[in-house]
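Heads up, the thing below is written out as structure tokens.
The values are calculated or read from the model by the stated rules, or taken from the named source; none is laboratory data. Keep in mind that what you see is a predicted model, and the values were worked out from it rather than measured. Don't worry about glycine lacking a Cβ; one is built from the backbone with ideal geometry, like all the others, and counts go over all protein chains shown. The area values use the complete protein model at the heavy-atom level, side chains included, leaving out ligands, DNA and RNA. Shrake-Rupley method; radii C 1.70, N 1.55, O 1.52, S 1.80 Å.
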Amino acid sequence: MYRTLNQIAEEAMRTPAGRRVVVAGGQEPHVLEAVEEARRAGLVKAPLLVGDREKMARALTEAQLPEKEYRLFPVEDDVACGWRAVELVQAGEADFIMKGLINTQELLRPVVNQEKGLYTGRFISHVALDEIPPLGDSPRRLIVVTDAGMHPYPDLEEKRGILGNAVELLRRLGWERPSAAFLCGAELVAPKIPETVEADALAALCRSGEIPHCDGVGPISFDLAMSREIAAIKGYPCPYSGAFDILLAPNMAAGNLMQKAMLLMGGAKMAGLLLGARVPVVLTSRGSSAEEKFASLAIAVKMLEGEGW
């Protein structure tokens, strides 16, 4: 299994795929830097940029990138930008989408649209693959945080879909049977706290095999999930403490706060994707580095290697 985002990127570059990416909002400097690195590495070819033509051309010039290697599609605003990116995928001119300088909602709306978008009937959610530094006796490793950017208050069925996308990501990257922590404020089931009831139900679905290829534990608090030592002190018997592969947040706010705390104070690095649509959608924070955006591109290309896209 991979332990760093760079290992995934290096593996992807060993067998470059030359996929076609369309960037919605193609004037963002860090996105262009990542796309150009992916182009030179052979991961993508002839990138498509959608947005304000003047701003995109200026961004390419300022970054000293060869405009002749890019295809520019001018649009009037963010609304048209999101729809044009989706249309290019629908027309077979692009294999996947990357978010650039565009409001996230203006990209999500056309992607999830059931009539004209990339909706397939599967649940669509955001999956963050984080590279976290060593913690206690746990080495540097990769861990999924989900969903921190799309579903404000997911119910049990929606959490089942969120978990399914996270498991699929890891299995496509080589994990045979990921372990998942269904996070709550405590580890006891409390009928008046719905997320604890849902966590308990998700764990039962994993045990029964109704959610396949996953070992789930919950409800469980963040400290018990992340520290084998704390779990031992508190007398919480769990073989995955300190080694969980997936952290499923009880709601988007909790996931978002946890994700940003890991990045800003914990020294983590993040790659982010939307999964469940007809194609992967690279969706990272505007504050993400070019390195993290490149890693996200590489993971999207790796996802497209398998069947089912």
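For the stretch 267-309, what is the charge dipole size about the Cα centre, in debye to the nearest 20, if Lys and Arg each add +1 at the Cβ and Asp and Glu each add -1 at the Cβ? Show your work: numbers first, answer last.
Details: 5 positive and 4 negative charges, 32 e Å.
Roughly 160 debye for the stretch 267-309.
What do you get when you divide the Cα radius of gyration of the stretch 1-50 by 2.2 N^0.38 Å, with N the number of residues? Before the final figure, lay out the partial values.
On the way: Rg = 11.7 Å, N = 50, 2.2 N^0.38 = 9.7 Å.
This ratio for the stretch 1-50 stands at 1.20.
May I ask for log10 I(q)/I(0) of the stretch 185-240 at q = 0.24, 0.30 Å⁻¹, from a Debye sum over the Cα atoms as equal point scatterers with solvent left out?
-0.96, -1.12
So what's the stretch 154-309 giving for Rg/Rh, alpha carbon basis, Kirkwood Rh from the mean inverse pair distance? All intermediate terms of the calculation are to be shown ahead of the outcome.
Numbers: Rg = 15.9 Å, Rh = 16.5 Å.
Rg/Rh: 0.97.
With a 1.4 Å probe and all protein chains in place, put L257, L156, L135, L129 in order of accessible area, largest first.
Values: L257 125, L156 60, L135 85, L129 5 Å².
Result of the area sort, largest leading: L257, L135, L156, L129.
Please list the non-local residues whose amide H lies under 5 Å from the amide H of V44, H modeled 1.01 Å from N, same-chain partners needing a gap of 5 or more.
HN-HN under 5 Å from V44: G18, R19, R39.
Please report, for the Cα atoms of the stretch 227-309, the Rg to one decimal and the Dmax as a whole number; what are they, in angstrom?
According to the Cα coordinates of the stretch 227-309, Rg and Dmax are 15.9, 46 Å.
Across the stretch 134-222, how large is the tail of the calculated P(r) beyond 15 Å, expressed as a percent of all Cα pairs? Could the numbers behind the result be given before it?
Working: 2382 of 3916 pairs.
Result: 61 percent of Cα pairs exceed 15 Å.
If you roll a 1.4 angstrom probe over the protein chains with everything in place, what fraction of the accessible area of the stretch 1-92 belongs to carbon and sulfur, to the nearest %? Don't skip to the end; give the middle numbers.
Working: 2070 of 4630 Å².
Solvent-exposed carbon and sulfur of the stretch 1-92 make up 45 percent of the total.
Would you kindly derive the ³J(HN,Hα) couplings of the stretch 127-132 from the backbone phi angles with the Karplus curve 6.51 cos²θ - 1.76 cosθ + 1.60 (θ = phi - 60°), listing them in order in whole Hz, with x for Gly and Pro?
10, 9, 9, 9, 9, 10
Order the following by accessible area, largest value first: F244, F222, F73, F123. Probe radius 1.4 Å; ligands, DNA and RNA are ignored. Please list the in-between numbers first.
Numbers: F244 0, F222 90, F73 30, F123 60 Å².
The ordering from most to least exposed comes out as F222, F123, F73, F244.
With bins 10 Å wide starting at 0, give me the P(r) of the stretch 9-95 over every alpha carbon pair, in whole percents.
Percent of pairs per bin, in order: 18, 50, 28, 4.
Could you tell me which residue out of L169, A203, P191 lies farthest along the dipole of the stretch 163-225 toward its positive end? Charges go on the beta carbon: Lys and Arg +1, Asp and Glu -1, centred on the Cα centre.
My answer, from the dipole projection, is L169.
Just tell me which lysines come within less than 19 Å, Cα to Cα, of K192; anything on the same chain fewer than 8 places away is out.
Straight-line reach from K192, under 19 Å: K159.
How big is D, in µm² s⁻¹, for the stretch 1-146 by Stokes-Einstein at 37 °C and 0.692 mPa s if Rh is the Kirkwood radius over C-alpha pairs? The partial results should precede the final answer.
Numbers: Rh = 16.6 Å.
Value of D from the Cα-based Kirkwood radius: 198 µm²/s.
Just to confirm the filter: which trypsin sites (Lys or Arg not before Pro) across the stretch 29-128 are DSSP coil and have at most 15 other Cβ within 10 angstrom of their Cβ? Before the final figure, lay out the partial values.
Working: sites: R39, R40, K45, R53, K55, R58, K68, R71, R84, K99, K116, R122; in loops: K45, K116, R122.
Sites meeting the loop and neighbour criteria: K45, K116, R122.
Translational diffusion coefficient of the stretch 89-241 at 37 °C, 0.692 mPa s, Stokes-Einstein with Kirkwood Rh over Cα pairs, in µm²/s as a whole number. Intermediate results must be reported in sequence, preceding the final value.
Working: Rh = 17.3 Å.
Estimated via Stokes-Einstein, D reaches 190 µm²/s.
Considering all alpha-carbon pairs of the stretch 61-117, what whole percent are spaced by more than 14 angstrom? Spell out each step's value before the answer.
On the way: 936 of 1596 pairs.
Every Cα pair in the stretch 61-117 considered, those over 14 Å come to 59 percent.
Could you pull the Rg and Dmax for the chain, using just the Cα atoms, both in Å?
Values for the chain (Cα only, Rg and Dmax): 19.5, 62 Å.
In bins 5 Å wide, starting from 0, what share of all Cα pairs of the stretch 73-179 does each bin hold, as a percent?
The distribution over the stretch 73-179 is 2, 10, 16, 19, 18, 15, 10, 5, 3, 1, 0, given as percents.
Heavy-atom accessible area per residue, the stretch 1-106, 1.4 Å probe: how many Å²?
Values: 5100 Å² over 106 residues.
With the other protein chains kept in place, the stretch 1-106 gives 48 Å² per residue.
With everything on Cα atoms, drop me the angle between helix 194-208 and the longest principal axis of the chain, reported from 0 to 90° to the nearest 10.
Tilt relative to the chain: about 90 degrees.
Based solely on its DSSP helices, what 222 nm [θ] is calculated for the chain when runs of n ≥ 4 H residues each add -39,500 (n - 2.57) and the sum is averaged over all residues, nearest 500 deg cm²/dmol?
Values: 11 runs with 127 residues, N = 309.
Taken over the chain, the calculation gives -12500 deg cm²/dmol.
Which lysines have a Cα lying under 25 Å from the Cα of K68, excluding residues fewer than 8 positions away in the same chain?
Cross-link targets: K45, K55, K99, K293.
Using the Cα centre as the reference, give the magnitude of the dipole from point charges on the C-beta atoms of the chain (Lys, Arg: +1; Asp, Glu: -1; all else neutral), rounded to the nearest 20 debye.
Values: 34 positive and 41 negative charges, 88 e Å.
Using Cβ point charges on Lys, Arg, Asp and Glu, the chain gives about 420 debye.
Which of the GluC sites (Glu not before Pro) found in the stretch 135-199 are loop residues per DSSP with 15 or fewer other Cβ atoms within 10 Å of their Cβ? Mind showing how you got there, number by number?
Numbers: sites: E157, E158, E168, E176, E187, E195, E198; in loops: E176, E187.
Taking the stretch 135-199 and a limit of 15 other Cβ atoms within 10 Å, the loop GluC sites (Glu not before Pro) found are E176.
How many angstrom lie between the C-alpha centres of the stretch 6-77 and the stretch 151-208?
Using only Cα atoms to place each centre, the spacing works out to 35 Å.
Report the relative contact order of the chain, percent, no decimals, based on alpha-carbon pairs under 8 angstrom and at least 6 residues apart.
On the way: 642 pairs, mean separation 67.7, N = 309.
Taking the mean separation of contacting Cα pairs over the length of the chain, I get 22 percent.
Tell me, what ³J(HN,Hα) does each residue in the stretch 12-22 have, in order and in whole Hz, if you take phi through Karplus 6.51 cos²θ - 1.76 cosθ + 1.60 with θ = phi - 60° and put x for Gly and Pro?
Result, rounded to whole Hz: 5, 6, 5, 10, x, 9, x, 6, 9, 10, 10.
Build a GNM of the chain with springs between Cα atoms under 10 Å: which of G149, G276, G266 gets the top mean-square fluctuation?
Of the options given, G266 has the highest mean-square fluctuation.
Dipole size in debye (nearest 20) for the stretch 16-101 around its Cα centre, Lys and Arg Cβ +1, Asp and Glu Cβ -1?
Values: 12 positive and 15 negative charges, 69 e Å.
For this selection, approximately 340 debye.
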